[in-house]
Amino acid sequence: KNEVEQSPQNLTAQEGEFITINCSYSVGISALHWLQQHPGGGIVSLFMLSSGKKKHGRLIATINIQEKHSSLHITASHPRDSAVYICAVDASGSARQLTFGSGTQLTVLP
Amino acid sequence: EAGVVQSPRYKIIEKKQPVAFWCNPISGHNTLYWYRQNLGQGPELLIRYENEEAVDDSQLPKDRFSAERLKGVDSTLKIQPAELGDSAVYLCASSLGPASYEQYFGPGTRLTVT
């Protein structure tokens, strides 16, 4: 069983829809990261959080430490949001190594 | 500010040939990571450097892979000889400190071994 599980694996939405991507993990963590990967490989860090909620523009990330679960929300989705979204955890006492989920491929149709 | 630079962006080689990837991290970033990403999967750490010291290389296949970070700045990852299963995207990332700091990724090198 992977330490980091994401759902769904693939998601297709219409422009304007509210989108939720989920991440569950099985280990204690010191931080959780949400990353965005566009075709061609470039990865951009969206959020790093260890508790509560963070918001940046149309993106919102939440984390529930007790339930070992995080969600990434996109409001008013746009075709340019189409990318792979990856959840990664910095496990407590992991010698500072990120463990990545396999990603969620999001496609937003115009 | 320049981001993490990697070269080449794409490389196609025949199996048993050697290949090398180069990474220049963001200036001032002491921590450098090499990841391998297979199609449809998340990145997997190969090696992590703190300055010039490799502090985590447990996932690096040492029979054919090697890495160096001379002077604690840019880094080279080498595969010799390459195998078909090495086809993947090789990503370099850097951060100011350990993994609890934000990591900045390069564009990656897509390796195809034929």
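Separation of the stretch A:7-42 and the stretch B:75-109 by C-alpha centroid, Å?
21 Å
For the stretch B:50-114, what does the convex hull of the Cα positions come to per residue, in cubic angstrom?
Here the figure is 100 Å³ per residue.
I'm checking a number: the convex hull volume of the Cα atoms of the protein assembly as shown, normalised per residue, in Å³. What is it?
Here the figure is 125 Å³ per residue.
Could you please rank A:LEU98, B:LEU70, placing first whichever residue has the fewest other Cβ atoms within 10 Å of its Cβ?
B:LEU70, A:LEU98
Calculated FRET efficiency, A:ASN10 and B:TYR10, Cβ-Cβ r, R0 22 Å, to nearest 0.05?
Step by step, r from the Cβ atoms, then E = 0.30.
Out of every Cα-Cα pair in the stretch B:4-114, what percent are more than 21 Å apart?
When every Cα pair of the stretch B:4-114 is considered, 28 percent fall beyond 21 Å.
Report, ordered by chain and residue number, the aspartates and glutamates lying within cross-link reach of B:LYS78, taken as a straight Cα distance under 13 Å and ignoring same-chain residues fewer than 8 apart.
Cα-Cα hits under 13 Å: B:ASP63, B:GLU68, B:ASP86.
Just tell me how shielded A:65-72 is by partners: mean number of partner chain Cβ atoms within 10 Å of each residue's Cβ, no decimals.
Whole-number average of other-chain Cβ neighbours for A:65-72 is 0.
Specify the residue with the greatest mean-square fluctuation among B:LEU60, B:LEU45, B:LEU84, computed from a Gaussian network of chain B linking alpha-carbon atoms under 10 Å apart.
Maximum among the listed residues: B:LEU84.
To make sure I understand the rule: partners must be lysines, Cα under 30 Å from the Cα of A:LYS68, and not fewer than 8 residues away in the same chain. Which ones qualify?
A:LYS1, A:LYS53, A:LYS54, A:LYS55
Sort B:SER27, A:SER50, B:SER94, A:SER71 by Cβ crowding within 10 Å, fewest neighbours at the top.
Ranked by crowding around the Cβ, least crowded first: B:SER27, A:SER50, A:SER71, B:SER94.
Using the number of other C-beta atoms within 10 angstrom as an exposure proxy, rank B:ARG48, B:ARG110 with the fewest first. Write out the running numbers ahead of the final one.
Numbers: B:ARG48 27, B:ARG110 17.
Placing the least packed residue first, the sequence is B:ARG110, B:ARG48.
Can you give the Rg and Dmax of chain A based on its C-alpha atoms, in angstrom?
According to the Cα coordinates of chain A, Rg and Dmax are 13.4, 44 Å.
What does the convex hull of the Cα atoms come to per residue for the stretch B:15-59, in Å³?
Cα convex hull per residue, to the nearest whole number: 110 Å³.
Bear in mind these aren't lab numbers, they're just calculated from the coordinates by the rules spelled out. All of these numbers come straight from a predicted model, not from anything done at the bench. All Cβ positions, glycine included, derive from the backbone under ideal geometry; neighbour counts span all protein chains shown.
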